[in-house]
Structure formats: C-alpha cells, structure tokens
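The values are calculated or read from the model by the stated rules, or taken from the named source; none is laboratory data. Small disclaimer: the values here were computed from a predicted structure and weren't measured. Quick reminder, even Gly has a Cβ in these numbers, built from the backbone with ideal geometry, and neighbours come from all protein chains shown. Only protein heavy atoms, including side chains, enter the accessible area calculation; ligands, DNA and RNA are left aside. Shrake-Rupley method; radii C 1.70, N 1.55, O 1.52, S 1.80 Å.
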Amino acid sequence: MKKQKKRAAKICRIGGQALIEGIMMQGATATAISVRTPDGTIVTEAKRHKSAGVWGKIPLVRGVIAFVASLVNGVRCIMKSAEQAFPDEEQPSAAATTVSCILGVVIAVALFMLLPGWIADVIAQFVKMNILVRSLIEGAIRIAVFVGYLALVSAMKDIRRTFMYHGAEHRTINCYERGLDINVANVQSCSTRHNRCGTTFLFFVMIMSIIVFSLAAWAVQLIVGFVPGKWVLMCVRLLCLPLVAGLSYELLRFLALLPDNKFVDIFRAPGLALQKLTTRRPDDQMAEVAIEAFRAVLVM
C-alpha cells in the first residue's frame, strides 16, 4: 500500500465562509469563490485584494476592521454565489442588497445586544440588584438568545445544506494544517470544527460583551453617582461594540496560535461545541468545491 505523503503541519492564514452551493476562501492577499452550478460543474473566481495596511497590524483596531470587512465581503460573495447557483432566477438589485444588509445588521444588534439588556432592565424593576449583577444576568440572557437562534436556524433545510458547506470549509483547512495532501479522501477524514471559526468568534463576542458592558455600566455609575437609565445603558453598549469586537478578535487569534493542550482546550471548548450547530458533515461534492476554492487562494 502506498504510503501517504504528508507535509509538515502548520497553521495557515486562510479562512472561509459557506455560500449558496459554494464556498469562499480568503487569505492574506487573495479571495476565491467556488460554486457548484446546476449542470454540476464548479465555477471558481479568484482575485487579489488590498491589505488593511498599518491599521491591520494594530491590536484591537485590526479586529474591528476584519469584522466590518468580513461582513461586506461576505455579502458580496453570497450574491455572486447566488448568481452562479441560480442563473435563471432574478437577482436583487445592488440597492436592495445594501438595504437588506443594513437591516440585517440592525436586527442582529437589536436581537443580540439590545434585547437582552431590555429584558434585564425589566427584571431589575422587580428584583433589587446592583449594576454588576444586572449586567451578568443580561449576559446570560444574551448567550441563551444566541444559542437558541443557532438551534432554530440549524433546523431549517436550506440552512442545513449551507452548514454542510461550512463543514467542508473547515475540513479542507484542517486537512492542510495537518500536513496532508489536499484531496477528497483526506479532507473527509478531518474534523468539521476549527479553532478560528466565525461561530467561535461570535461566542467570544457574547462573553466579551458581558465583561465590557458590565465594567462600562459600573464606570458610568461611578461617574454620574447613580444607576443610569436603560436608554443611557443602551447607548453605552452601542459605543462599546467596537471594543467588544476588537477584544474578541484578539482572543480568537491568540487561542488559535496556542498549542493543543487540556488547559487551552477549556477556553476553546464552548466555541467548538457551538460549531456542532453551525457545521454538518459534507458530501464528497461539497468537499470538491471547498478544495477548489482553497487551492485557488493557496497558489496566489
């Protein structure tokens, strides 16, 4: 039996995103989109992109830049994948897409950031508690809403298929990082979970929001001398969102670089557990799409 050729294992700077019947892979200097078209072929488009420059090297700031850039680029890639996967269907205009994206961000902020705070404010009207305890309750509600949302959408048929592509993306990156040759068999032997997943990042956002919002609310109380109103606290939360995103990015980046051991696994475990909701086992054809996108970025 021919011995499996194996490269030295390493952590790469390539990440990805599941699309509509496809996958986007993005490296430090290039982005590639591979989509399975209705006739069964794989269409791949790759191009170089500009780096964030000096701002992309500043801790905390680079996290905010990466988050905003991923939102913008992610939507653009999703629209391109829709065009390839469903060429005969009418696609929304650029204006409609922009409005939909803005509305989506507003709803996400309201659902995961503002709603938990409002619920905690209502509870505080009936149960006496200090501002730090109230902030912890708010954080627990936020995590519960987030997990509940993931569980709900993962039950949808179309979303499950997207999550299968998400699993293919992770398996391909894991295959490369393990030092294996990138082929369907090797990719399918790897895990669907990955330390640098966006799901883990969002979980870190939930945790960091508890810490940052609690300290910010406490600091505001010390400054003004009384417990601020709920509208003041909501404004404080919104102002702290860039800091939350920056800290979450740095934590994700730091843990991804650490070697595997039981102590580090404690911090990784919650995010990896949530990936059970956002990833599914892909079929071989999905693995082929992920491999095409990965290779296109790798050669660039």
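Annotations
- Residue 136 vs. criteria closer than 29 Å to residue 237 by Cβ, at pLDDT 90 or above and not β-branched (Val, Ile, Thr): no
Per-residue answers, yes or no, for (1) touching a strand residue (DSSP E or B) at 6+ places or on another chain (Cβ under 9 Å); (2) within 23 Å of residue 18 (Cα to Cα); (3) polar (S, T, N, Q):
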site	(1), (2), (3)
189	yes, yes, yes
221	no, no, yes
232	no, no, no
235	no, no, no
244	no, no, no
247	no, no, no
254	no, no, no
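To keep it simple, each residue is scored yes or no on (1) closer than 21 Å to residue 275 by Cα; (2) not β-branched (Val, Ile, Thr).
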position: 165; (1), (2): yes, yes
position: 173; (1), (2): yes, no
position: 212; (1), (2): no, no
position: 260; (1), (2): yes, yes
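- Members of region 252-295 that are open to solvent by 60 Å² or more (accessible area, probe 1.4 Å), modelled with pLDDT under 90 and part of a helix (DSSP H, G or I): 253, 254, 257, 262, 263, 265, 266, 267
- Failed item in (1) surrounded by fewer than 19 Cβ atoms within 10 Å (Cβ to Cβ); (2) touching a residue at least 24 places away in the same chain (Cβ under 8 Å); (3) under 18 Å from residue 159 (Cα atoms), with residue 79 passing the rest: (2)
- Of the criteria (1) modelled with pLDDT under 85; (2) of a type in the set (D, E, K, R); (3) over 21 Å from residue 215 (Cα atoms), which one residue 171 fails: (1)
- Restricting region 230-240 to residues that are open to solvent by less than 40 Å² (accessible area, probe 1.4 Å) and more than 21 Å from the chain's Cα centre (by Cα), the residue that is modelled with the highest pLDDT: 236
- Residues (touching a Ser or Thr at 6+ places or on another chain (Cβ under 8 Å) and farther than 13 Å from residue 195 by Cβ) located in region 252-278: 277, 278
- Qualifying residue in region 87-105 (condition: under 27 Å from residue 254 (Cα atoms) and touching a Phe, Trp or Tyr at 6+ places or on another chain (Cβ under 9 Å)): no
- Check on residue 187, part of a helix (DSSP H, G or I), hydrophobic (A, V, I, L, M, F, W, C) and under 30 Å from residue 130 (Cβ atoms): no
- Some residue of region 241-251 being surrounded by 13 or more Cβ atoms within 10 Å (Cβ to Cβ) and farther than 22 Å from residue 199 by Cβ: no
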